[in-house]
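See structure below.
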Amino acid sequence: MGCVSCSSGGCGSGGTVAGCGSNGSCGTGGCNKMNVFDWLSHMEVPVALRFDVLEVKFKGGRKEYFRNVNQLDLTTGDFVVCEMQSGHHVGMISLQGELVRLQMKRKNVLLNDDLKVIYRVANEKDLEKHTQAIARDLPVMYRTREIIRELKLNMKLSDVEFQSDNTKATFYYSSDERVDFRELIKLLAAEFRIRVEMRQISLRQEASRLGGLGSCGRELCCSTWLTDFKSISTSAARYQNLSLNPAKLSGQCGRLKCCLNYELETYMDALSDIPSVEAPLKTKKGTAYLQKTDIFKKIMYFGFEKDNNWYPVAIDKVVEILDMNKKGIIPESLEILVTETPTSQERKEAGSLNSDLESLDRKYSEEQQKKKKKKNRNNRNKNKSRAPKPDGAA
């Protein structure tokens, strides 16, 4: 899905959204990127009491706030001509009313005279120029990448956004080091005859601008609703007992997935009652090593050295065994403690699970051996058919 004001594509010609008769401004936010649902839109407020600041959205989900000094009668989804630092730009109104005041407070945007203004509602000529400016984005981006390769600059250009009046273009790039792009700016300004602004973005911001699908099958959080990118460490995966596999933990930006932080606080609260087992448990049957911890069921699974079964032990029993080992007391076995606890069914399920895995391994190995024998038999038959026949044989 998408419309003429976003970069997600999926639109028909002329900015018409497929399956949407409202041309991307249906109010539900389903057609646009990072929209906020205006749940106060049905409440009529007198014109004199309306909040005169509106939220306007541009390409890539970028949003800015502008004053409606001319008291224009605007609705969500209208295209307006906005004041810029140099020239003007066409954007779409994404939010208005009291919700804009709350958004400005949340994003720490000051309400003062420095806010730029909305000139007018965009007419057909403005929209035509805006469409022509959007059409320049891709060719200019490809040409700029060629120039970057010729200059051998260590930077990755991800997007280009032309201003609607075709006087300025913003180049979004990412790099791990400081880049001297003074020569690049001279070449771009001379070739395209525009004012050039280079804006460095992080890899997460780059992924949010490009969009895509995550491993969960849904659109990327950073390109749909997530705006604040918090630092994520591998300890978040350790607390959740996830495998430290970079291929599975990394998102499309190449960094750790943002969703690792979503349930981290819940896991931290659940782990507060889990004892830390720094050494294996000592029993008369043998040494039991920690294999798995079920945080929410408060069960810890232990296994012996030459035993394939895992034995579930309640947390209070684990604490009891640890205290006994510190005092030099060695219990008989984990099985005795398990049968005394109400988690004996868990032990049976764990044992049956291990036995099922072993049977699958045996079945797979037998099938592999059968395929290998069949292949060897076919090779022998081929060799016999190719062998030269004795004289006089038919």
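The values are calculated or read from the model by the stated rules, or taken from the named source; none is laboratory data. Predicted model, so just to flag it, every value in this text is computed and none were measured. Cβ: placed from backbone, ideal geometry, glycine included. Neighbour counts: every protein chain shown. Accessible surface areas use protein heavy atoms only, side chains included; no ligands, DNA or RNA. Shrake-Rupley method; radii C 1.70, N 1.55, O 1.52, S 1.80 Å.
Below is a table of values for the structure above.
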| read-out | value |
| --- | --- |
| All lysines inside 25 Å of LYS285 as judged from Cα atoms, apart from same-chain residues fewer than 8 positions distant | LYS298, LYS306, LYS317, LYS326, LYS327, LYS348 |
| Full-stretch length increase - ASN108, LEU213 - with 0.36 nm per residue and alpha-carbon distance subtracted | 34.7 nm |
| Segment 94-211, Cα convex hull volume normalised per residue, Å³ | 161 |
| GluC sites (Glu not before Pro) within segment 114-187: DSSP coil, no more than 15 neighbouring Cβ in 10 Å | GLU177 |
| Efficiency of FRET between LYS285 and ARG62 - r from beta-carbon atoms, R0 56 angstrom, step 0.05 | 0.30 |
| Anisotropy class of segment 225-273 from Cα gyration tensor, a/c 1.5 cut | oblate |
| R0 of 25 Å, Cβ-Cβ distance GLU150-SER202: FRET efficiency to nearest 0.05 | 0.45 |
| Fully extended contour minus Cα-Cα distance, from VAL69 to MET268, at 0.36 nm per residue | 66.6 nm |
| Segment 47-122 - share of DSSP beta bridges that are antiparallel (%, nearest 5) | 95 |
| Within the accessible area of segment 279-333 (1.4 Å probe), percent carbon and sulfur | 52 |
| Value in Å of the Kirkwood radius, where segment 281-327 supplies the Cα pairs that are averaged | 11.0 |
| Pairs from LYS59/LYS168; LYS116/LYS168; LYS63/LYS129; LYS297/LYS363; LYS125/LYS186 whose Cα-Cα separation, in the structure shown, is over 26 Å | LYS297/LYS363; LYS125/LYS186 |
| Under Karplus coefficients 6.51, -1.76 and 1.60, residue-wise ³J(HN,Hα) of segment 366-382 in Hz, glycine/proline x | 5, 5, 5, 5, 5, 4, 5, 5, 5, 5, 5, 5, 5, 5, 5, 5, 5 |
| Mean accessible surface per residue for segment 47-122, computed with a 1.4 Å probe while every protein chain stays in place, in Å² | 50 |
